[in-house]
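Here's the structure we're looking at; comments come further down.
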Amino acid sequence: MAGFSTLNTAYTGLATQARRIDVIGENIANASTPGYRRRRVDLGAIEGPNGVGIYSGADRTGRGVEIRSIDRVLDPVLERHARAEAGRAADLKVGAEALSELESRWTSFGETGIAQGIRDLAAAFDELVNQPDDLAIRNITLQRAEGLATEITAAAGEGADVRSSLVQRTSTLVDRVNSISTSIAGLHTPIVAARAAGADGSSLEDRRDQLIDELTSITNASVLYGETGGVRIAVDGYSLVADDQTSAIGMTATPDPSLPTGMDRVAVTAAGGRELTFNGGDLAGTLRAANTLIPDQVRRLDQLATDLANSMNAIHAAGTGLDGGSGRNLFTIGSGAATFAVSTDVVGRPERLAVAGAAAGPLDTTTAEQLADLVDAPDGPAARWTALVADLAGITAANRTRADAAGDAASAAEQNRISVSGVSLDEEMTELISAQRSYEAAARVISAVDGMLDTLINRTGLVGR
């Protein structure tokens, strides 16, 4: 009967538009929810026999509307691009931040820093030129030497501390990767089950994608989605996640003679011990900073301290003290700037401080003059330290510029992704009005059919009465 078939058609419109409004409401409610992907209702005319509703029949086709699917709106190309740019930005950001931290520490010594310590030592030797036999000035000179040694070892300690924080960061990131991988694998079964049952697993997939975003930001791993809802994630050919299975990574620290003394080479390894190579992400930047950027700067400080000790010792050992002794070192250095110190040959023994030249009288000042000239030379240790810090500032600025550019690119890529998968309140309001009008129209059809059926049922046979 036409009235009942029309009633059923209108009913499908009511039910479908009501569900559509539910989805729109969910989009609006989650407009600011991080990681939420906009849902889209795919509508279609009912095809084939209509076996659901208040009117059924195998001879009725094309009666009404149905929801064919509720899909998350996303563009796979933009998703991959956003993740790749985020990984590149994270890589460069770590290096820039590590260099900035070292630069800040090495330039924070101010007036009591290495450059000032070198100038103070030169001034003390100049005083000795005027009063070579004054023990008070000799003590002051030794104090200035000890102050310089303290500044150099402090700078070495700052460099070691920055590097140590990078090693700790690597360990933390490795633990986080393993934790995220486990969480992603744990979502596999419910997502696949929801898809198989035709249920809405969008929230689970959103959560998994958030975890994948974080994981790729750390590792720049490749991601491959399966047709049934599974996912495979790998880095350098090593599978971190394969559906509901995970493979852990670890961190190793091994001696490396190319690094400054006291620094081990840090690496991230697969379960079998193979070292993994990262081409982007937080881990790549952290490893590069820990194994290259910071050690390079510390090595330069070590070389400066070694050259300073050797050059001053060569002059000092050739001179003589008030006691007539010679062959004594002014400084000692073992394995780099961290071990730079005033030599035990002269500590607490100002009379042993060489001021006179070899075989010269006690009032000769040849050695003190040479030491003062060496320290004060245009290409001397003070100038070298200034150049070292200036070079570090230049390297830091260059890395920061690259990191800022990569960050801008990552932000642009993320905005492109959001423009497709994010919620636009204007669009949702338009969709809401459309769904509301469709719902109202379906309700009007039901009212019209109700009137028709009332006429048919209650008024038939009353003509002429």
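A compact table of results
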item	result
FRET E, pair T277, L453, Förster distance 60 Å, beta-carbon r, rounded to 0.05	0.20
Charge context of A442, other residues only, Cβ under 14 angstrom, K/R +1, D/E -1	+2
Spin-label pair A383/Q415, simplified geometry with 7 Å Cα→Cβ offset, distance in nm	4.9
Cα gyration tensor shape for the stretch 305-427, rounded if a/c is under 1.5, else prolate or oblate	prolate
For the chain, calculated [θ]222 nm from helices alone, where every DSSP H run of n ≥ 4 adds -39500 (n - 2.57)	-21000 deg cm²/dmol
nm² value of the averaged projected area, convex hull over the Cα atoms of the stretch 268-341	7.2
Highest to lowest packing among 444-451, 116-123, scored as the average C-beta count within 10 Å	116-123, 444-451
Cα centroid separation - the stretch 378-438 against the stretch 3-47, whole Å	37
Shape box of the stretch 86-147 [Cα atoms, principal axes, largest first, Å]	66, 14, 13
Mean-position separation - Cα centroids, the stretch 278-339 and the stretch 221-272, in angstrom	35
Relative intensity, log₁₀ I(q)/I(0), of the chain from a Debye sum that treats every alpha carbon as a point, q = 0.13 Å⁻¹	-1.11
Paramagnetic reach from T261 in the stretch 125-156 [backbone N under 20 Å; point 7 Å along Cα→Cβ]	146-156
Sorted largest first, extent of the stretch 142-235 alpha carbons per principal axis (Å)	83, 20, 15
Shape of the stretch 356-457, Cα gyration tensor, a/c cut at 1.5	prolate
Net charge of Cβ neighbours under 13 Å - reference G336; Lys, Arg +1; Asp, Glu -1	+1
Axial C-alpha extent at least 30 Å, average Kyte-Doolittle at least -0.5 - helices from the chain (DSSP)	2-29, 76-106, 135-186, 294-318, 381-421, 425-459
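Where a number appears in this text, it was derived from the coordinates with a stated rule and is not lab data. Bear in mind that the values here come from a model prediction, so they are computed numbers and not experimental data. Glycine gets a Cβ as well: all are built from the backbone with ideal geometry, and neighbour counts include every protein chain shown.
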